[in-house]
Amino acid sequence: MPEHAPETSRTRPDGLLFPDPVRAIIDVREKLAGLRHEKAIVVGLVPTMGSLHEGHLSLVRAAQASCDVVVVSIFINPIQFGAAEDMDTYPADLEKDMALLASVGTDMVFVPPAGELYPEGFETMIDVGSTAKGLCGQSRPGHFEGVATVVAKLLNIISPDRAFFGQKDAQQVVVIRRMVSDLNFDVEIISCPTVRGDDGLALSSRNAYLSEDERSQATVLYRSLLQARDAVAAGETRSAKLKRMIRKLIGAEYMVDFEYARIVDPWTLEPVDEVEGPVLVAIAAMVGNARLIDNMIIEPGGGS
Ligand code: AMP
């Protein structure tokens, strides 16, 4: 096949029809230009790193509900991984991802090779400022700059009207909103609720690293958020006390290595000492080889 072969459709043995992944920027742009030329369309973008699960599919469904054409990108973004992180072992299964996307009916799947997004000589990075520095930014320096840069590139390549992100990665949503506002990207950022397993654990591609015991202990992240929510509902307003409670509960699980519990303003990520309105309670922990995060918006009158 020529390097920039046009996208074709094919039928899988199980009868589902889905497009081949589009690899080249020029092809994704041409295909979208063709669709836009035919009629006015609302384009939705769902950026992912693949290894798709129901959390990703919930974003695709949300995009389908309000967009005419949905583009899903699958790209394990090298510039958002630190040297000691799991870039090389990050789970990948494109066939399975394509089948899942076919089952929910995605219009286009953009799967660029790394060299397509970062050709020789690439060096521009987006510094998103203070929103990238706290929470996960502390232990993952450069992570959100890498995220912001790849999202900016995807927004420029696809020019979506709406882009969909999971609230599970709450800091990522704040960072992207900051960038979109500061750099005047003409796109609406939509944050979708966290999808959890029956045991409460937030779905994550990294859950694949967990043993059965680790998974069972990892549910303490969600349990600790529920405990904090209940404490606030019962009148507790002191962030320091709430964080101590979370730390204690997580500390009871010997396979879970507590990293942080923070209580911050949901829009700015600035620390909050007294819970007087909605706050973002965000936690991170290592469980075996998986670095897991979770969060909940909590407010004094109830809500999550
Ligand atoms: P990732 O492939 O992990 O980069 O995630 C791609 C998108 O899916 C991001 O916007 C994530 O926030 C979102 N996402 C991942 N897990 C979940 C989940 N459990 N619920 C909702 N959205 C999720």
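The values are calculated or read from the model by the stated rules, or taken from the named source; none is laboratory data. Note that the structure is a prediction, hence the values are computed from the model and not measured. Positions of Cβ are backbone-derived with ideal geometry, glycine not excepted, and every protein chain shown enters the neighbour counts. Please note that ligands, DNA and RNA were not included when accessible areas were found on the heavy atoms of the full protein model with its side chains. Shrake-Rupley method; radii C 1.70, N 1.55, O 1.52, S 1.80 Å.
Computed with every protein chain present, the accessible area of residue 29 is close to 120 Å² [probe 1.4 Å]. Legend: residue pairs 39/168; 31/168; 133/168, Cα-Cα distance threshold 27 Å; pairs beyond threshold, 39/168; 31/168. Most mobile of 80, 172, 138 per a Gaussian network model of the chain (Cα springs, under 10 Å)? The residue that fluctuates most here is 138. Of the whole protein surface, residue 182 contributes about 90 Å² of accessible area at a 1.4 Å probe radius. Against the chain, whose longest principal axis comes from its Cα atoms, helix 170-182 is set at around 60 degrees.
Over the chain, what is the mean sequence separation of C-alpha contacts under 8 Å (at least six apart), divided by residue count, expressed as relative contact order in percent? If you can, show how the numbers build up before the last one.
On the way: 530 pairs, mean separation 47.0, N = 304.
Once divided by the residue count of the chain, the mean separation gives 15 percent.
Rank 113, 290, 152 by how far each Cα sits towards the positive end of the charge dipole of the chain (+1 on Lys, Arg Cβ; -1 on Asp, Glu Cβ) and give me just the farthest. Projecting each Cα onto the dipole axis, the largest value belongs to 290. The chymotrypsin sites (Phe, Trp or Tyr not before Pro) of region 102-155 meeting both criteria, a DSSP state outside H, G, I, E and B (loop) and at most 14 other C-beta atoms within 10 angstrom of the site's C-beta, are 122. Using Cα springs under 10 Å in a Gaussian network model of the chain, which residue among 292, 249, 154 shows the largest mean-square fluctuation? In the Gaussian network model the winner is 249.
About the Cα centre of the chain, what is the dipole size in debye to 20, counting +1 per Lys and Arg Cβ and -1 per Asp and Glu Cβ, all else neutral?
On the way: 29 positive and 43 negative charges, 117 e Å.
About 560 debye.
When the charge dipole of the chain is built from unit charges on Cβ atoms (+1 for Lys and Arg, -1 for Asp and Glu) and taken about the Cα centre, the candidate among 75, 195, 242 whose Cα reaches farthest toward its positive end is 242. Here region 101-184 is treated with +1 on each Lys and Arg Cβ and -1 on each Asp and Glu Cβ, and its dipole about the Cα centre works out to around 380 debye. Overall, region 54-116 carries a charge dipole of about 200 debye about its Cα centre when +1 sits on the Cβ of Lys and Arg and -1 on the Cβ of Asp and Glu, all other atoms neutral. Report, in degrees rounded to the nearest 10, the 0 to 90 angle that the Cα long axis of helix 143-158 makes with the longest principal axis of the chain. Value to nearest ten degrees: 30. The Cα atoms of region 19-74 give a gyration tensor whose axes a ≥ b ≥ c have a/c of 1.5 or more with a/b no greater than b/c, which makes the shape oblate.
Once the Cα atoms are used to define both axes, helix 94-104 deviates from the longest principal axis of the chain by about 90 degrees. For region 82-211, what class follows from the C-alpha gyration tensor (a ≥ b ≥ c being the square roots of its eigenvalues): rounded when a/c is under 1.5, otherwise prolate if a/b is larger than b/c, else oblate? Judged from the Cα gyration tensor, region 82-211 comes out rounded (a/c under 1.5).
Between the residues 99, 62, 22, the greatest Cα displacement towards the positive end of the dipole of region 14-103, with unit charges on the Cβ of Lys, Arg, Asp and Glu, is found for 62. Placing one equal scatterer on every Cα of the chain and applying the Debye formula, the log10 ratio I(q)/I(0) at q = 0.07, 0.09, 0.16 Å⁻¹ is -0.29, -0.47, -1.38. Residue order by solvent-accessible surface for 53, 143 is 53, 143, largest first, with ligands and nucleic acids left out and a 1.4 Å probe. Only helices enter this figure: runs of n ≥ 4 DSSP H residues, each worth -39500 (n - 2.57), summed and divided by the residues of the chain, yield -11000 deg cm²/dmol at 222 nm to the nearest 500. Mind running the shape call on region 145-304? Use the C-alpha gyration tensor, a ≥ b ≥ c as the square roots of the eigenvalues: rounded below 1.5 for a/c, prolate if a/b tops b/c, oblate otherwise. Note, shape of region 145-304 comes out oblate.
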